[in-house]
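Notes follow the structure.
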Amino acid sequence: MQPVTKRWARLGRSDPSMLRHPSNAGVCLSVFVVARRGGSVLLCRPHASNAWPRKGGYPKHLTVQLEKEKAWLLPATHLLMEESPGNAAQRITREWAGLEGNPRFVMIQSHLRRRRDGNHWDLCFVYELIARRNPKCKPWWSEMRFIPFREVRKMKMGRGHKDILKEARYL
């Protein structure tokens, strides 16, 4: 095992008393909102629009790929600088998914992906929202609908989204 000076990761101010070794391939801080209605969950198919890099923190070329694959996603996005996970969950609920309500914190899901350029660490804050109505489809989605959890098990979903549902025990 590497010595402590080489293995601790701390992000933030450059304080000589704190060790900082962020991953070469980056760290993503994201919030996922599991919007439920009965035994169904809101899933969305991305439409490759210019809104993704601006609103979702996700490159447009990757949304083009998701659109071609006909993959489904949970409403989710990266945190904005200095935004709390709770505020991001509210933003996703209102702006990204077009729903109303107060999402409730469920769990933190974390995973490490090994890539050619190094390890990439994802830290995902998961919130739940009980939805009372169908959202109006936003321009960055080609489709939004509530899908029974039993059907979700068989569906093609974007990287990590089905893992979120499994680890939070929805599937």
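Read-outs throughout are calculated quantities, based only on the coordinates presented, and are distinct from any laboratory measurement. In this text, all values refer to a predicted model and were calculated from it rather than measured experimentally. When we count neighbours, we look across all protein chains shown, and the Cβ atoms used for this are built from the backbone with ideal geometry, even at glycine.
See the values below:
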{"read-out": "Residue-wise HN-Hα coupling along segment 32-42, computed from phi with Karplus coefficients 6.51, -1.76, 1.60 (Hz; x: Gly, Pro)", "value": "10, 10, 8, 8, 10, 8, x, x, 10, 10, 6"}
{"read-out": "Helical contribution to [θ] at 222 nm, DSSP H n ≥ 4, -39,500 (n - 2.57), averaged over the chain, rounded to 500", "value": "-4500 deg cm²/dmol"}
{"read-out": "³J(HN,Hα) computed for each position of segment 158-168 - Karplus, 6.51 cos²θ - 1.76 cosθ + 1.60, integer Hz, glycine/proline x", "value": "x, 3, x, 5, 5, 4, 4, 5, 5, 5, 8"}
{"read-out": "Cα→Cβ-extended label distance, 7 Å offset, between GLU95 and ALA25, nm", "value": "2.9 nm"}
{"read-out": "Under-5 Å amide H pairs with TRP141, H placed in peptide plane, nonlocal only", "value": "HIS47"}
{"read-out": "Charge dipole (debye, nearest 20) of segment 24-127; +1 at Cβ of Lys and Arg, -1 at Cβ of Asp and Glu", "value": "300 debye"}
{"read-out": "Flagged links, alpha-carbon separation over 24 Å, of LYS138/LYS166; LYS60/LYS166; LYS60/LYS138", "value": "LYS138/LYS166; LYS60/LYS166"}
{"read-out": "Label-point separation, ARG113 to ARG145 (7 Å along Cα→Cβ), nm", "value": "2.8 nm"}
{"read-out": "Segment 49-170 - convex hull of the alpha-carbon atoms, volume per residue in Å³", "value": "125 Å³"}
{"read-out": "Positive minus negative residues near VAL34 (Lys, Arg vs Asp, Glu; Cβ under 14 Å)", "value": "+3"}
{"read-out": "Angle between the chain longest axis and helix 60-69 axis [Cα atoms, degrees, rounded to 10]", "value": "50 degrees"}
{"read-out": "Near-label residues of segment 84-116 by backbone N, under 19 Å of a point 7 Å along Cα→Cβ of GLU67", "value": "96-97"}
{"read-out": "Options MET155, GLY38, ALA48, ranked by Cα towards positive dipole end of the chain, top entry (Cβ charges)", "value": "MET155"}
{"read-out": "Linear extension gain, LYS156 paired with GLU82, 0.36 nm per residue minus alpha-carbon span", "value": "23.4 nm"}
{"read-out": "Computed over segment 24-167: relative contact order in percent, which uses C-alpha pairs under 8 Å that are six or more apart", "value": "37 percent"}
